[in-house]
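> Dropping a structure here in structure tokens format, bear with me for questions.
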Amino acid sequence: MNVHDLLATLPELVLLLSTLLILMVGVFSTEHMEKWVYGLTQLTLLVVLVLIAWLWIPVSTVAFSGMLV
């Protein structure tokens, strides 16, 4: 595993970890925290969109010894 492999999966990793965080906040928060959960969801989508645009490679990339294309 090298840095190229991690950069190829960075948007997915950020989305996965942020989703877990949002779910945990949503489960353990009170009713008045709903706007925070919504805002955190929107922020996550924006960050992932920026990461995808920043890491965009117009050709196919192979990572993790061919397990991710």
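> For residue 14, indicate whether it is touching a Phe, Trp or Tyr at 6+ places or on another chain (Cβ under 8 Å), modelled with pLDDT of 85 or more and surrounded by 13 or more Cβ atoms within 10 Å (Cβ to Cβ).
no
> What are the residues in region 17-35 that are of a type in the set (Ser, Thr, Tyr) and over 17 Å from residue 47 (Cβ atoms), if any?
29, 30
> Out of the residues in region 28-38 that are assigned to a helix (DSSP H, G or I) and surrounded by fewer than 11 Cβ atoms within 10 Å (Cβ to Cβ), state the one that is modelled with the lowest pLDDT.
Out of the qualifying residues, it is 31.
> For residues in region 17-27 being hydrophobic (A, V, I, L, M, F, W, C) and touching a residue at least 12 places away in the same chain (Cβ under 8 Å), which is most open to solvent (accessible area, probe 1.4 Å)?
The qualifying residue most open to solvent (accessible area, probe 1.4 Å) is 21.
> With respect to residue 52, determine if the residue is modelled with pLDDT under 90, touching a helix residue (DSSP H, G or I) at 6+ places or on another chain (Cβ under 9 Å), in a helix (DSSP H, G or I) and open to solvent by 70 Å² or more (accessible area, probe 1.4 Å).
Yes, satisfied.
The values are calculated or read from the model by the stated rules, or taken from the named source; none is laboratory data. On a predicted model such as this, the values are computed, not experimentally measured, just so you know. For neighbour counting, all protein chains shown are included, and Cβ atoms are generated from backbone atoms with ideal geometry for every residue, glycine included. Side chains included, ligands, DNA and RNA excluded: accessible areas come from the protein's heavy atoms. Shrake-Rupley method; radii C 1.70, N 1.55, O 1.52, S 1.80 Å.
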